[in-house]
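The values are calculated or read from the model by the stated rules, or taken from the named source; none is laboratory data. Owing to the predicted nature of the structure, the values given are computational and were not obtained by experimental measurement. All Cβ positions, even for glycine, are placed from backbone atoms using ideal geometry, and neighbour counts span all protein chains on display. What goes into the accessible areas is simple: the full protein's heavy atoms, side chains included, and nothing from ligands, DNA or RNA. Shrake-Rupley method; radii C 1.70, N 1.55, O 1.52, S 1.80 Å.
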Amino acid sequence: MKLSSKNLNERLDTVYDAIVVGGGMGGLSAAIYLARYGLKCLIVEKGKGRSLWMQDLRNYVGLDPTTPGRDILNHGTKTAVDWGADHLRGYVEEVVDEGETFAVKVKVGKTNSIYPIFRSKYLIAASGIIDNLPQLEDMQNVYDYAGYTLHVCMICDGFDMWDQKAVLIANTEGQIGAAFVLNWFTPYISVLTHGLCEVSDKTKQKLAEHGYPLYEAPIAKFHGENHQLSGVELTDGTIVEATTGLVGMGSIYHNQYLKGIEGLEYDGQNLVTNDMCKTSHDRIFALGDLKRGLNQVSIAVADGTLAATQIWRNIRRASPPRKWEE
Ligand code: FAD
Ligand code: FAD
Ligand code: FAD
């Protein structure tokens, strides 16, 4: 059932088998499996997540490589709800471990918000990440290209950059290292720091040896039309010619609501999980971009399958057998 501020009161006494934080690629897969195992689950999705900005999913078997993330979100949400999952538009603010259950506090409505608390036996953290983008006064100018010809994922879109003039936008010296991976796809790389980091002589020398120009002035504006990049104008007036680009500026991890949970093991900001996507907490699973591993739709979808199946096993094994009784 689709929940909203109007009907969510009906579910405040429910103890869900699982609450899925984030209805993106992994969360929807988990919810579809949970629902088909006959388990009660609630998906909470804030909106404006990473897969919504994916203009085309290039490498998922069986799907046309022009399939946009928003279509998968709509389709997957409908499928999950049709099989019996609950779905709520809202932002998970906090999760408290009560022992047998989790108390999940959700902010519903960006204005005149209400803060219902839902309960579940298991929690699936499927809230993903979001890429940092260069901040310009006119963000619409960035959004006109980001996710189209200004990419954020080399595994996804390196192929679409093949032998083109490309900018790599990096905000740390470490991120500049991506140039030496991107050169698998194209050697025509200009590195832009947007004025955000100092570059050591060693890195400058390595870039020079490869013939990759470095521009340290901040970006003023992206040029192009119809989402097709043609160049980048810097604040010092330089125009760097490029028909494509890669933003390598790190990401924000959507894990704030887990901060109160003790003993969760992280690798950097990624949650560490076992081969069924269970974290170091027995009742918390983590999927997709939030956990350690490749950031790909195929992985997130498979993770949802694994987590839901392990939760089903746990609940089924603890349940009395169903006997054929008249
Ligand atoms: P998501 O799909 O991002 O889902 C997480 C969801 O959680 C989001 O919808 C978000 O709104 C929600 N959320 C976050 N915090 C909260 C909260 N506190 N409360 C409630 N909800 C919350 N991958 C490929 O395999 N192939 C590609 O071609 C490809 N191209 C890409 C192109 C672009 C431009 C981008 C940005 C990504 C691309 N990706 C691609 C990567 C792909 O989008 C991710 O790997 C995938 O979506 C990860 O799935 P996920 O379930 O972990 O996260
Ligand atoms: P969020 O972090 O989602 O939310 C901020 C706060 O609002 C939260 O802390 C919470 O308190 C509250 N909140 C959020 N959702 C809810 C809810 N459902 N109910 C109650 N409270 C809530 N953004 C665009 O706007 N346009 C674009 O064209 C665009 N293109 C992008 C392209 C790419 C490749 C990438 C990576 C990102 C793009 N973005 C775009 C995303 C942009 O960078 C932000 O991440 C996104 O807009 C964040 O949304 P938000 O302001 O709601 O922040
Ligand atoms: P396959 O997709 O079987 O591919 C292996 C291929 O290798 C075959 O095409 C075979 O012909 C070929 N091959 C084998 N030996 C050789 C050889 N020596 N030389 C050359 N080729 C060879 N899964 C789901 O997720 N959801 C479902 O709803 C679902 N329903 C199913 C319903 C049915 C009736 C069946 C039979 C399966 C279903 N499955 C479902 C399971 C799903 O089909 C498999 O898990 C999936 O296909 C496994 O992928 P695979 O690549 O390992 O094997």
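How much length is gained if the chain between Asp160 and Ser4 is pulled fully straight, taking 0.36 nm per residue apart and subtracting their Cα-Cα distance, in nm to one decimal?
52.1 nm is the gain from fully extending Asp160 to Ser4.
In whole percent, what relative contact order does segment 204-326 give with Cα contacts below 8 Å and a gap of six or more residues?
Once divided by the residue count of segment 204-326, the mean separation gives 11 percent.
For segment 86-188, go through all pairs of different Cα atoms, get the mean of 1/r, take its inverse, and jot down that Kirkwood value in Å.
Hydrodynamic radius (Kirkwood, Cα pairs) of segment 86-188 is 17.6 Å.
Once you list every other residue whose beta carbon is under 10 Å from the beta carbon of Val232, what net charge do they have if Lys and Arg are +1 and Asp and Glu are -1?
-1
Scan around Glu94 for amide H atoms under 5 Å from its own, H built in the peptide plane at 1.01 Å from N, and keep only partners 5 or more places away or cross-chain.
Close amide H contacts, sequence-distant or interchain: Lys105.
Any idea of the accessible area per residue across the chain, 1.4 Å probe, to the nearest Å²?
51 Å²
At 0.36 nm per residue, minus the direct Cα-Cα distance, what do Met139 and Ser298 gain on full extension? Give it in nm, one decimal, please.
Taking 0.36 nm per residue and subtracting the Cα distance, the gain is 54.2 nm.
Summing +1 for each Lys or Arg and -1 for each Asp or Glu, what net charge is found among the other residues whose Cβ lies under 12 Å from the Cβ of Asn59?
-3
Determine, at each q value in 0.15, 0.24 (inverse angstroms), the log₁₀ of I(q)/I(0) that the Debye formula gives when each Cα of segment 1-98 is one equal point scatterer.
Listed by q, the Debye log ratios stand at -0.61, -1.30.
Taking the Cα centre of the chain as origin, sum charge times position over the Cβ atoms of Lys and Arg (+1) and Asp and Glu (-1), and report the length of that vector in debye to the nearest 20.
1300 debye
What does the charge dipole of segment 66-127 about its Cα centre add up to, to the nearest 20 debye, if the Cβ of each Lys and Arg holds +1 and the Cβ of each Asp and Glu holds -1?
Around 280 debye, computed over segment 66-127.
Work out the charge dipole of the chain with +1 on the Cβ of Lys and Arg and -1 on the Cβ of Asp and Glu about the Cα centre, then indicate which of Ile189, Trp162, Val240 is farthest towards its positive end.
Trp162
Around Ala220, what is the net charge, scoring Lys/Arg as +1 and Asp/Glu as -1 over all other residues with Cβ under 12 Å from its Cβ?
Value of the local net charge: -3.
Alpha carbons only, please: Rg and Dmax for the chain, in angstrom.
22.2, 84
Please list 3J(HN,Hα) in residue order for segment 192-204, calculated via the Karplus relation 6.51 cos²θ - 1.76 cosθ + 1.60 where θ = phi - 60°; whole Hz, with x for glycine and proline.
10, 9, 6, x, 9, 8, 7, 10, 6, 4, 4, 5, 4
To the nearest 500 deg cm²/dmol, what mean residue ellipticity at 222 nm is calculated for the chain from DSSP H runs of n ≥ 4 alone, each contributing -39,500 (n - 2.57), summed and divided by the residues?
-6500 deg cm²/dmol
Once Lys and Arg get +1 and Asp and Glu get -1 on their Cβ, which of Pro116, Thr67, Gln55 lies farthest toward the positive end of the dipole of the chain?
Pro116
In degrees between 0 and 90, to the nearest 10, how far off the longest principal axis of the chain does helix 297-317 point, with axes built from Cα atoms?
Helix 297-317 and the main axis of the chain meet at about 20 degrees.
Can you give the relative contact order of segment 64-218 as a percent, counting alpha carbon pairs under 8 Å and 6+ residues apart?
12 percent
With the contact rule set at Cα under 8 Å and sequence spacing of 6 or more, what percent relative contact order holds for the chain?
20 percent
Only four residue types carry charge here, +1 at the Cβ of Lys and Arg and -1 at the Cβ of Asp and Glu. Report the dipole size of segment 190-257 about the Cα centre in Debye, rounded to the nearest 20.
Charge dipole of segment 190-257: 200 debye, to the nearest 20.
Round to a whole number: what % of the accessible area of the chain belongs to carbon and sulfur, probe 1.4 Å?
Result for the chain: 51 percent of the exposed heavy-atom area is carbon or sulfur.
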